[in-house]
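Laboratory data are not the source of any read-out in this text; all were calculated from the coordinates shown. These numbers come from a predicted model, not from an experiment. Here the Cβ is made from the backbone with ideal geometry for all residues, glycine too, and neighbour counts use every protein chain on show.
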Amino acid sequence: MICCTECFRDQELKGTIRSLGHAGDCPTCGSAETYLYNTEKDAVLTDYFDTLISIYTSARSLPSGYPKAETHLLKDELLGNWRVFSKKLDAAKVYSLVTSICSEKYAEAPDLFDEPVGIAELYNKEYLEQYSILRTNNWEGFVVAVKTQNRFHTNHINTKILEPYCDYIHKPYKKGQLFYRGRISKSATGFQKDEMDAPPCDLTPAGRANAAGIRCLYLANNIDTAIHEVRAEAFDYVTVGTSELQEDISVVDLKSIDEISPFIVPDCTKLAINKEHLNKINEEMGKALRRNDSPLDYVPTQYISDFIKSIQNEGKAQYAGLEYKSTMNAGGFNLAVFDPGLFKCVDIKTYRIRSLSYDKEET
């Protein structure tokens, strides 16, 4: 069976196929002039998939207490949970392609491909205690613990497990990169450049990545996102400062958590049991608080942020901030910078909000 780079979403697989150098049109997804992979001649993807598939157990062989609802067909796991394949391929094509890539494994254990499967370690308490970011807890339990029991030294988070995943999703930025910060102004005059920095410690409120009194500069990737993030109302004036990065940095890109390839990690099982936790961290970091929510609702993400801020390499902070998706502006993202001095405001513009558009849903 012939497939191509465009049949896959996983970047590791795409790069591997490109390295083979076979070009042409793909009969599987219909892409033209792309890099091809022939399952009858090429074998490099077989080890990748055999390793990933080996973490699964057929439903009939799982422990008796394993929830039946948590078993799924392998093709659906690869499409949905791992997001290995492109949306150009439906489940039937994924099945045909995987069974062709892993033809020997399919002949040995067809039940892994044809019947529901699960990962036994997901419900193994001893394994979770040692290798899960939240040990045997869930996110809600962690939230209660840091908000009401022990804010600074909780045992609910296994930071030794969390730290390596930060390295998988680190993102470099070069000196000169531009980001944006918005502030609602009382008039069309707006703010001056020296007023667009992070507030001083005594005026710093709690945020999703910082506790009250700890400075943190919140920036957006574009002007529209910066304006959305300050929740400006109709006829408000918003000053947007353009902030320039003063040196090369590396940040943790939480948006990329779901893009960690199972083919680059040393243990797919450990990634499998932590995918839900990693996605929850990303979701919570981007979630906007409502007017009536308590500042305590920021405590869980502040804990995660403080830990990432504490990671060092050769005595220096390894990461300069956190990047996360904007829930206020679809497609935009934000950057929480631990050291505001890394950026300098180099330009300002003040905008008047002419109108608002509301997107609603029934509750």
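Quick notes on this one:
- Only DSSP H runs of four or more residues enter the estimate; each adds -39500 (n - 2.57), and after division by the residues of the chain the mean residue ellipticity at 222 nm equals -8500 deg cm²/dmol.
- The mean sequence distance of close C-alpha pairs (under 8 Å, at least 6 residues apart), as a share of the length of region 162-258, puts its relative contact order at 49 percent.
- Within region 168-352, percent of DSSP bridges classed antiparallel, to nearest 5: 95
- Straight Cα distances below 21 angstrom link residue 105 to the lysines 41, 75, 93, with same-chain residues fewer than 8 positions distant left out.
- Here, region 2-117 yields an orientationally averaged convex hull projection of 6.9 nm² when only Cα atoms define the hull.
- Helix 139-148 axis versus longest C-alpha principal axis of the chain: approximately 30°, rounded to the nearest ten.
- When you restrict to C-alpha pairs under 8 Å that are six or more residues apart and normalise by the size of region 39-198, the relative contact order lands at 21 percent.
- Coil-residue trypsin sites (Lys or Arg not before Pro) of region 276-344, DSSP, other Cβ within 10 Å capped at 11: 290, 291
- Burial ordering of 196, 328, fewest other beta-carbon atoms within 10 Å first: 328, 196
- Among (1) 28, 55, 17, 0; (2) 25, 49, 25, 1; (3) 32, 61, 7, the entry that matches P(r) over Cα pairs in 20 Å bins from 0, in percent as calculated here: (2)
- Cα-based Rg of region 168-352 normalised by 2.2 N^0.38 Å, two decimals: 1.06
- Inter-part distance where region 216-281 and region 298-340 are each reduced to a Cα centre, Å: 8
- Measuring between their Cα centroids, region 165-203 and region 25-64 lie 44 Å from each other.
- All-pairs alpha carbon distance profile, region 73-193, 5 Å steps from 0, percent: 2, 8, 10, 10, 10, 10, 14, 11, 9, 7, 4, 3, 2, 1, 0
- Among the listed pairs 287/344; 175/287; 193/280; 88/255; 87/255, those beyond 25 Å (Cα-Cα): 287/344; 175/287; 193/280
- By other beta-carbon atoms within 10 Å, ranking 3, 345, 166, 201 with the fewest at the front produces 201, 345, 166, 3.
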